[in-house]
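Structure first, commentary second.
The values are calculated or read from the model by the stated rules, or taken from the named source; none is laboratory data. Please read all numbers here as calculations on a predicted model, not as lab measurements. FYI the Cβ positions are ideal-geometry reconstructions off the backbone, even for glycines, and counts take in every protein chain you see.
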Amino acid sequence: MQAQSFPDDDDALVAAVAAANLPTLLLVLVQLTGDAALLRGELRPKRATPQRPDGGLSAAHGEQIRARALQALRAFRDGGARLPPLPPVELLREMMSFSLGQEVPPEYVPMMLEDMQLVGGSAASLQADSGPSRAAAPSDFHVIVIGAGMSGLLAALRLGQAGVRYTLLEKNADVGGTWFENSYPGCRVDLPNHFYSFSFEPNHDWSSHYSRRDELLAYFQRIADKYGVRASARFGTEVLAADYDAPRALWSVRVRDRTGREETLHADAVISAVGQLNRPSIPALPGLERFAGPAFHTACWRHDLDLTGKRVAVIGTGASGMQVVPLLARSAGRLVIFQRSAQWAVRNADYFAEVGAGKKWLLRHVPYYAAWYRFRLFFTHADGLHAGLHVDPEWPHFRRSINAGNERIRQTLTEYIESELGDRHDLRAKAVPDYPPFAKRMLLDNDWFRTLRRDNVELVTEAIDRVTERGISLRSGQQYDFEALVFATGFQANRFLWPMSITGRDGQSLHAIWGDDPRAYLGITIPGFPNLFCLYGPNTNLAHGGSIIFHSECQVHYVLACLRLLSERNATALECKQDVHDAYNARVDAAHAQMIWSHPHVTNWFRNGAGRVTTNSPFRLVDYWAMTRAPEPDDFLFS
């Protein structure tokens, strides 16, 4: 049995247990004591949801659980803090199912053991390089990683751990990607950050459950420092083009630094980690160039401007709009929001909540607590939602919902929105969406609906005709005067790897091949483009929930395993076979045809001009994890 340190501070232990998540605490009890009878008694959590994190257990049951936990943890501490062996697989699955109040399929056990890093106790006790993603590469192999956001940072540190030489290129002045660029008021993550973090680098000191931008940026900067990534990084360096030289099996990568100087670098492989939400999208409104005041995108926030008391327009009501508007409304003199379509949003009690000292203590010191807490977040905010997003072909109310469960969600959310709007009946038709929940990205309400009721706020749903020197003119002819325009209009998500020019083995342009329909095998590799790997590529966005960091860990694991394949076969390059690529994308399309994002009466940024979903993955996270465990050599051509 392995021992670990455990603080001899009974007051802190009592306070921490009082703050514990009860289903998580029950799993700690079972694992520490080995008493599986706890799983079959009356202390049984109900079905877990993001809105019911404590499993619906009664106050009386809570007292029993906390008392038993204190007894077990004191015994663990006083007995030398020796960790028991890992429970058998079947018991682990029973524990998972018990905690969630629903059956957990067996394929989740190996995935969760890896993500939770359960072997050896708490996730914090493991080394970041202990996972299966360590890989070798041919000698003197050099990889260029484009982009130092979350995915590029992960690729760089894993390459470094594997002993593979790399150069990390980043157009910005530091790591962080979207969390470096987006600094608008109210910017924060919309997934619990104890899940939105690297599995091998848990942070037990998050100040909030849904952390603000500055704290997230600092997290990624700390990781860059810890793993020495900056030593192999070139900041202020933008990639203009990448061309593959087949006879030499080399990529020539043309870059431009912040002074405008261009040069060409060479690499054996290129990993694109530029992301999907990277280039702001500003609508081509007639007359925009004539506007006399400042006009800017939320991703390019003008911190030099004081909008206090000003007449401000916010164009767009997606995720960034929903975050920025409530704060902007507190200071602007007049705020007018221009909305193309309403958004479904759900209240989460933890959205603004700070993480208390007791919970931080639990995460840091109580064996297995951080791992099981992350497991519950994983399932309730990701794959636990997936089954409800399949279309029921017999459902009679297809325009408004896709199945009976989706209809119940619609009713619950509608009631919530109407309760938030109160007596503002004029806002209900504007604020309640006319499409099924989850057909577009589900948002978290951060006082959006209450903000719409403010005297200084107006919600406009009529189409914009043009921008004038003084403001905005609607198609009806109504005029609005503004001192500033803010675009909360999202990103050019369907333009993968743009504006870089990428040329493959036969001199073909990647963007000419893709056009408006980007495709890749597993979202990672593309026929005709040897040793080019995409992170957060086509059909890898997560719209049913889940952490994109988890998906990136899957992809980086796969890429490094591909490099190992090169070494094992004494090859210089590999590329995905066309038939393998095509068969995979046929699976993607067939799966999407049954999912809500292909709803014919809804427009969203997930689809291209022909209506094909190009951004989202239709698969459960466990499915994608299984697909990316190990590359199949027969999927590739080697040279």
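In table form, for the structure just shown:
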item: Counted residues, the stretch 608-626 - those being more than 20 Å from Gly384 (Cβ to Cβ) and touching a residue at least 40 places away in the same chain (Cβ under 8 Å); result: 7
item: Scan of the stretch 34-55 for residues that are without any contact (Cβ under 8 Å) to a residue 40 or more places away in the chain and either of a type outside the set (A, V, I, L, M, F, W, C) or touching a strand residue (DSSP E or B) at 6+ places or on another chain (Cβ under 8 Å) (or both), ordered by number; result: Asp35, Arg40, Gly41, Glu42, Arg52, Asp54
item: Looking only at the stretch 447-494, and only at residues there that are among the polar types (S, T, N, Q) and in contact with a helix residue (DSSP H, G or I) (Cβ under 6 Å, 6 or more places away or on another chain), the one that is farthest from Tyr416 (Cα to Cα); result: Thr461
item: Count - residues of the stretch 262-285 that are assigned to a loop (DSSP other than H, G, I, E, B) and touching a Lys or Arg at 6+ places or on another chain (Cβ under 6 Å); result: 0
item: Within the stretch 331-363, considering residues that are loosely packed, with under 14 Cβ neighbours inside 10 Å and out of contact with any Lys or Arg (no Cβ under 8 Å at 6 or more places or on another chain), the one farthest from Gln478 (Cα to Cα); result: Ala357
item: Unique residue being under 28 Å from Leu532 (Cβ atoms) and more than 20 Å from the chain's Cα centre (by Cα) when the list is Asp257, Asp225; result: Asp257
item: Counted residues, the stretch 387-426 - those being under 17 Å from Leu459 (Cβ atoms), of a type outside the set (Val, Ile, Thr) and surrounded by 18 or more Cβ atoms within 10 Å (Cβ to Cβ); result: 2
item: Unmet criterion (only one of (1) surrounded by fewer than 18 Cβ atoms within 10 Å (Cβ to Cβ); (2) in contact with a Ser or Thr (Cβ under 8 Å, 6 or more places away or on another chain)) for Thr489; result: (1)
item: Boolean, Gly80 is under 15 Å from Trp372 (Cβ atoms), modelled with pLDDT under 95 and not in a helix (DSSP H, G or I); result: no
item: Arg290 vs. criteria under 24 Å from His551 (Cβ atoms) and in contact (Cβ under 8 Å) with a residue 24 or more places away in the chain; result: no
item: Any hit, the stretch 443-463, residues being among the hydrophobic types (A, V, I, L, M, F, W, C), crowded, with 16+ Cβ neighbours inside 10 Å and modelled with pLDDT under 95; result: yes
item: Residue among Arg587, Arg569, Arg607 that alone is at pLDDT below 95, surrounded by fewer than 22 Cβ atoms within 10 Å (Cβ to Cβ) and more than 20 Å from Lys440 (Cα to Cα); result: Arg569
item: So Pro192, is it surrounded by fewer than 22 Cβ atoms within 10 Å (Cβ to Cβ) and assigned to a loop (DSSP other than H, G, I, E, B); result: no
item: Subset of the stretch 411-442 (residues that are of a type in the set (Lys, Arg) and without any contact (Cβ under 8 Å) to a residue 60 or more places away in the chain); result: Arg424, Arg428
item: Residue within the stretch 297-312 that is within 16 Å of Ser183 (Cα to Cα), in contact with a Cys (Cβ under 7 Å, 6 or more places away or on another chain) and outside any loop (DSSP other than H, G, I, E, B) present; result: no
item: Options Val613, Val559, Val622; residue that is of a type outside the set (Asp, Glu) and in contact with an Asp or Glu (Cβ under 6 Å, 6 or more places away or on another chain); result: Val622
item: Boolean, Asp245 is closer than 18 Å to His266 by Cα and either aliphatic (A, V, I, L, M) or not assigned by TED's automatic domain parsing to the domain that holds Val324 (or both); result: yes
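Yes or no, residue by residue, for (1) under 16 Å from Tyr521 (Cβ atoms); (2) within 21 Å of the chain's Cα centre (by Cα):
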residue: Asp589; (1), (2): yes, no
residue: Ile596; (1), (2): no, yes
residue: Val602; (1), (2): no, no
residue: Gly609; (1), (2): no, no
residue: Ser617; (1), (2): yes, yes
residue: Arg620; (1), (2): no, yes
residue: Asp623; (1), (2): yes, yes
residue: Met627; (1), (2): yes, yes
residue: Phe638; (1), (2): yes, no
